[in-house]
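Just below is one structure, and these are the notes that go with it.
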Amino acid sequence: MTATQDPIVTGWMSSANAHLELKDIIKTLPKECFQKDRRKAWSFLLTSVAAAIVGYIAIATLPWFFLPITWIFTGTALTGWFVVAHDCGHRSFAQRRWVNDLVGHIMILPSLYPFHCWRILHNHHHRHTNKLSEDNAWQPWTTEEYLQATPIVKFFYRGIRGRFWWAASLWHLGSTQFSLAGFAKRDHAKATFSIAMIALFVAVLLPSLYLTVGVWGIVKFWLMPWLVYHFWMSTFTLVHHTNMNNQFRPSESWSAAEAQLAGTVHCVYPRWVEILCHDINVHIPHHVSVAIPSYNLRMANQALKQRWGSYMQECEFSLELMQDIVEQCHIYDSEKAFQSFRTTER
């Protein structure tokens, strides 16, 4: 992890920043960062569609020993579909809401996330980023919560906070997206519609694959690319929000300015990943304002670095980075941000 300054060590909540609000940071961004461009938006969508088509053709036609490569490429391309739906969920894809909803529902289908369910929960994450007991993305447990959990729950928690991090979004998908209990009554109709869309998609997709290409075809054309997508979904979310500098704070001392600017991470990935995933890794400006379309994230990031660079965190994706996170960042610590399972169980 590299950063010009450690926001915990320097003390964001010092007198210099105590009254800084998120809107003050947003005002320092050029207006161009927020402008929707229909051509760019649809070119991103078409790029994702074309990449997925190329990937599936490769899966179908290349010799079997190319399958791992074609699965990785296709799953990464499908992550780009999700990023387009992600813009739709934040209403930054198109001017008209119905266009955002229509495109969002279509582009999110391969991931099996119900669009409105995901959108509502994801917007909650943005409103409460790094707020203890409120943020619903990679919320760390306290020591008390961990020690009070049953052995089986501890086992699964240790897995998704450790070496099985890449499966965490599978748990998130199954545990949060398909129950109306997690949504306000006013959102039940929308959530039900999105869940029905996923159910219909699965009801058509899997039997069709079974009848045409059999069980191995389901694995080859659907399951493996889908698991690659979830690898990226889990990895992006983990790296964006989890390291020894990313402090969660209780609501009484939480600051939106600190959480969105200094509490998220910009991670540099191989360029082909960034292209296929539409720069979702350029994550700090997206948290500063969800109104910034994905094709303007790099512009916004550069502007933020010029004014606020001393508070921003940047790293490069690597095995060493992932080892640091999955071996250390397990349990909430009010002073260090995270402590490891080893410390908790002494």
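Based on what the data block shows, is Val99 out of contact with any Gly (no Cβ under 6 Å at 6 or more places or on another chain), surrounded by fewer than 18 Cβ atoms within 10 Å (Cβ to Cβ) and in a helix (DSSP H, G or I)?
yes
Here's the yes/no breakdown for (1) at pLDDT 95 or above; (2) touching a Lys or Arg at 6+ places or on another chain (Cβ under 9 Å); (3) surrounded by 14 or more Cβ atoms within 10 Å (Cβ to Cβ):
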position: Pro151; (1), (2), (3): no, no, no
position: Lys154; (1), (2), (3): no, no, yes
position: Ala167; (1), (2), (3): no, no, yes
position: Ala199; (1), (2), (3): yes, no, no
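Inspect segment 206-224 for any residue being crowded, with 19+ Cβ neighbours inside 10 Å, of a type in the set (S, T, N, Q) and assigned to a helix (DSSP H, G or I) and give the result as yes or no.
Scanning segment 206-224 turns up no residue that is crowded, with 19+ Cβ neighbours inside 10 Å, of a type in the set (S, T, N, Q) and assigned to a helix (DSSP H, G or I).
Pull out all pairs, ordered by first then second residue, where Cβ-Cβ is under 8 Å, the residues are six or more apart or on different chains, the first lies in segment 195-208 and is without any contact (Cβ under 8 Å) to a residue 60 or more places away in the chain, and the second is surrounded by 11 or more Cβ atoms within 10 Å (Cβ to Cβ).
The qualifying pairs are Leu205/Trp222; Leu206/Ile218; Leu206/Trp222.
Sort out which residues of segment 167-181 are touching a residue at least 12 places away in the same chain (Cβ under 8 Å) and over 19 Å from the mean Cα position of the chain (by Cα), and write them in order of number.
Across segment 167-181, the qualifying residue is only Leu180.
Can you tell me which condition Asp87 does not meet? The list is (1) assigned to a loop (DSSP other than H, G, I, E, B); (2) touching a Gly at 6+ places or on another chain (Cβ under 9 Å); (3) among the charged types (D, E, K, R), and all the others hold.
Of everything listed in (1) assigned to a loop (DSSP other than H, G, I, E, B); (2) touching a Gly at 6+ places or on another chain (Cβ under 9 Å); (3) among the charged types (D, E, K, R), Asp87 misses just condition (1).
Kindly list, by first and then second residue, each pair from a residue in segment 122-144 that is at negative phi to a residue that is of a type in the set (Asp, Glu) and not in a helix (DSSP H, G or I), limited to pairs with Cβ atoms under 7 Å and residues at least 6 apart or on different chains.
Final answer for the pair search is His125/Asp135; His128/Glu134; His128/Asp135; Thr129/Asp135.
Does Val84 qualify as being at pLDDT 95 or above, under 23 Å from Gln260 (Cβ atoms) and buried (at least 20 other Cβ atoms within 10 Å of the Cβ)?
yes
Please give the helices (runs of 4 or more DSSP H) falling wholly within segment 1-76 in which 3 or more residues are in contact with a helix residue (DSSP H, G or I) (Cβ under 9 Å, 6 or more places away or on another chain), surrounded by 14 or more Cβ atoms within 10 Å (Cβ to Cβ) and at pLDDT 90 or above.
Details: elements: 7-10, 22-26, 38-61.
Per the criteria, 22-26, 38-61.
Mind checking which residues of segment 306-337 are of a type in the set (A, V, I, L, M) and touching a residue at least 12 places away in the same chain (Cβ under 8 Å)?
Of segment 306-337, the ones of a type in the set (A, V, I, L, M) are 312, 319, 321-322, 325-326, 331, 337.
Hits for segment 306-337 are Met312, Leu321, Met322, Ile325, Val326, Ile331, Ala337.
Being farther than 23 Å from Thr235 by Cβ and surrounded by fewer than 21 Cβ atoms within 10 Å (Cβ to Cβ) is the filter here; which residues of segment 102-130 pass it?
Leu102, Val103, His105, Ile106, Ile120, Arg127
Yes/no per residue for (1) assigned to a loop (DSSP other than H, G, I, E, B); (2) of a type outside the set (A, V, I, L, M, F, W, C):
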| site | (1), (2) |
| --- | --- |
| Cys117 | no, no |
| His122 | no, yes |
| His125 | no, yes |
| Asp135 | yes, yes |
| Trp138 | yes, no |
| Tyr146 | no, yes |
| Lys154 | no, yes |
| Arg163 | yes, yes |
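The values are calculated or read from the model by the stated rules, or taken from the named source; none is laboratory data. Please read these numbers as outputs of a predicted model, since none were measured by experiment. For neighbour counting, all protein chains shown are included, and Cβ atoms are generated from backbone atoms with ideal geometry for every residue, glycine included.
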